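Okay, structure first, notes after.
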Amino acid sequence: MSALDTEEPLLVADGLTKYYGRQLGCRDASFELYEGEVMAVVGESGSGKSTLLQLLSGQIEPTSGRVLYRMRDGAATDLWSMSEPMRRFLYRTDWGFVHQDPQRGLRMGVSAGGNVGERLMAVGWRNYADIRGVATDWLGRVEIPEDRIDDTPRTYSGGMRQRLQIARNLVTSPRLIFMDEPTGGLDVSVQARLLDLLRRIVSEMRLAAIVVTHDLAVARLLSNRIMVMKGGTVIESGLTDQVLDDPHEPYTQLLVSSILPA
Amino acid sequence: MTAPAYNFAYLDEQTKRMIRRAILKAIAIPGYQVPFASREMPMPYGWGTGGVQVTAAILGPNDVLKVIDQGSDDTTNAVSIRKFFVKTAGVKTTTTTTEATVIQTRHRIPETPLGDHQVLVYQVPIPEPLRFLEPRETETRRMHALSEYGLMHVKLYEDISRHGHIATAYAYPVKVDDRYVMDPSPIPKFDNPKMNDCPALQLFGAGREKRIYAIPPYTQVVSLDFEDHPFEPYRHDASCELCGATDSYLDEVITDDRGTRMFVCSDTDYCGTRRAMGHGTAAEDTEAAHDDR
Ligand SMILES: Nc1ncnc2c1ncn2[C@@H]1O[C@H](COP(=O)(O)OP(=O)(O)OP(=O)(O)O)[C@@H](O)[C@H]1O
Ligand SMILES: [Mg+2]
């Protein structure tokens, strides 16, 4: 909580490289992410965005390089020197992961309340009324009507499912949230509402976030910093406005002028 | 050479040794599901081939076997399994709980408290308590390994949100020895407390799913619940119309074609023993009914 703490990065990527056999997924990605900072990762299909996100969130092990995460006690810890239970615990408490496909991020057969409450129960909450109270509160925060708490996400629209996914992830007050195309596949008006909500919550909770997106408008709206990937490599990075307004790399210039299908 | 058609208790010694190894491992890790190479038995899976294989592996010539199905010794299923072991092992059988050394059961635990000279063998259809919410076997195994059991409470949460209370009445999940969450097979939750600190060895066999698990004698078994929705064993608020028992698990049976119902003990041996001791007179019935909450 001291000033010194917050000067340390929350997450450090150091030479992250992943090969799928001989196929390159992502090469030599290095950057730092600070508390409350939102980083966008953009690039064409197959450029390595999801690979990078999975490396950062400890879902796949890097071929080389490492990820350091500053734990709540302040110690920067290498993800892969941690025990598996510790990594999974981190994933369920201090982190969130919002998938493009809500079916991957939700339990479709479980009520909205159960979906939001799961993380609380996983960390030992054993009072039904308390769990339900917090779930109700979170549904309100993501603009889902309270009376839908006992319905399963099967009965929800695409936008509601995404908002439910967000509530389910944020209920443990994580410090870092990973999002892979959170607005992909949604109607434009639904996207706008979701982005609005995300922006508000991220700033209210001072969340750090890494957002993978095809959509430069999403990057512009949500992120402070941006990384542009091509062929598995980060080719340009910097403050979002600067990179998008004044791109240096020819590829980024094409991307921004939307000549390339991003 | 005139070899018998089959070995003692049907299974060959090699198979029995394999099953015993699985049983020993199961006893060493209470509540943990041990895979075993389940064999074809001369009966359908629904008949409890997992339980039958466990019984076959532990049975000795001096054992006295009791087989119950939903508390009763004389359903087709119970009679067939008993006959099977009479024929293949020549063991003595009984319907009296106290006389038995091995009791194979489907869906009930006897009312008469078990002793440390007894083994209770459960027939299990679905051994994995987490399957309801997580169908991936690799994931449920990891959850057990890491004691990640939040999902079990999600199941109970769903119950309460739908029904206002924990409506799970059978196969109510338990935590064994403060470590593994276990499905006790489809016994009524009324029976759950009997598993706790039980002097008898409890063995569980799932034939189709090829799993064996165990609760060693005197092991802590706790039914999962919430602070504000504590576990409650359920029984019909009535007494047995045959023996007057107010403490036993009751079945509701229809006695004629006009839909007349009555409550009777599901454990036929318990009921019969009480009646033989003179319980179940009209006077006691009313007295018992008054005792009832
Ligand atoms: N599991 C895998 N096995 C083999 N190759 C993979 C695997 N996952 C990704 N790749 C390859 O790694 C490269 C980067 O893929 P990645 O999924 O990270 O790209 P992306 O930027 O997320 O693409 P998209 O925008 O289409 O989601 C691609 O060449 C892809 O084919
Ligand atoms: Mg991707």
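The values are calculated or read from the model by the stated rules, or taken from the named source; none is laboratory data. Quick caveat: nothing in here was measured; it's all calculated off a predicted structure. A quick note on method: Cβ atoms are made from the backbone with ideal geometry, for glycine too, and the neighbour counts reach across all protein chains shown. Ligands, DNA and RNA are excluded from the accessible area calculation, which covers all protein heavy atoms including side chains. Shrake-Rupley method; radii C 1.70, N 1.55, O 1.52, S 1.80 Å.
Some values worked out for this structure:
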read-out	value
Every residue from segment A:121-142 that is touching a residue at least 24 places away in the same chain (Cβ under 8 Å) and either open to solvent by 50 Å² or more (accessible area, probe 1.4 Å) or at the interface with another protein chain (Cβ under 8 Å from one of its Cβ atoms) (or both)	A:122, A:123, A:141
Subset tally (residues that are at pLDDT 95 or above, within 9 Å of ligand 1 (Cβ to nearest atom) and open to solvent by 50 Å² or more (accessible area, probe 1.4 Å)) for segment A:22-45	1
Condition check for residue A:64: more than 14 Å from chain B (Cβ to nearest Cβ) and at pLDDT below 95	no
Test: residue in segment B:83-102 that is open to solvent by less than 10 Å² (accessible area, probe 1.4 Å) and within 13 Å of the chain's Cα centre (by Cα)	yes
Residues of segment A:84-120 satisfying the condition of being farther than 21 Å from residue A:178 by Cα and open to solvent by 30 Å² or more (accessible area, probe 1.4 Å)	A:109
Segment A:143-162 - residue that is among the charged types (D, E, K, R) and out of contact with any Phe, Trp or Tyr (no Cβ under 9 Å at 6 or more places or on another chain) and, of those, nearest to the other protein chains (Cβ to nearest Cβ)	A:150
Segment B:168-218, residues that are among the aliphatic types (A, V, I, L, M) and open to solvent by less than 20 Å² (accessible area, probe 1.4 Å)	B:174, B:176, B:181, B:182, B:187, B:195, B:200, B:203, B:206, B:212, B:214, B:215
Residue pairs meeting the criteria (Cβ under 6 Å; at least 6 apart or on separate chains; first away from every other protein chain (no Cβ under 14 Å), in segment B:208-228; second part of a loop (DSSP other than H, G, I, E, B) and open to solvent by 50 Å² or more (accessible area, probe 1.4 Å))	B:217/B:116; B:218/B:197; B:219/B:177; B:220/B:177; B:221/B:196
All positions within segment A:165-191 that are at positive phi and under 15 Å from the mean Cα position of the chain (by Cα)	A:173, A:181
Any hit, segment B:144-166, residues being more than 10 Å from every other protein chain (Cβ to nearest Cβ), over 13 Å from the mean Cα position of the chain (by Cα), surrounded by fewer than 20 Cβ atoms within 10 Å (Cβ to Cβ) and among the hydrophobic types (A, V, I, L, M, F, W, C)	no
All positions within segment A:147-185 that are open to solvent by less than 10 Å² (accessible area, probe 1.4 Å) and within 16 Å of ligand 2 (Cβ to nearest atom)	A:178, A:179, A:182, A:183
The listed residue being within 14 Å of another protein chain (Cβ to nearest Cβ) and within 13 Å of ligand 2 (Cβ to nearest atom), out of A:54, A:59	A:59
Which listed residue is modelled with pLDDT of 95 or more and within 19 Å of residue B:186 (Cα to Cα), from B:102, B:91, B:67	B:67
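Yes/no matrix, rows are residues, columns are (1) closer than 20 Å to residue B:100 by Cβ; (2) open to solvent by less than 10 Å² (accessible area, probe 1.4 Å); (3) outside any helix (DSSP H, G or I):
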position: B:21; (1), (2), (3): no, no, no
position: B:24; (1), (2), (3): no, no, no
position: B:32; (1), (2), (3): no, no, yes
position: B:37; (1), (2), (3): no, no, yes
position: B:51; (1), (2), (3): yes, yes, no
position: B:57; (1), (2), (3): yes, yes, no
position: B:60; (1), (2), (3): yes, no, yes
position: B:66; (1), (2), (3): yes, yes, yes
position: B:78; (1), (2), (3): yes, yes, no
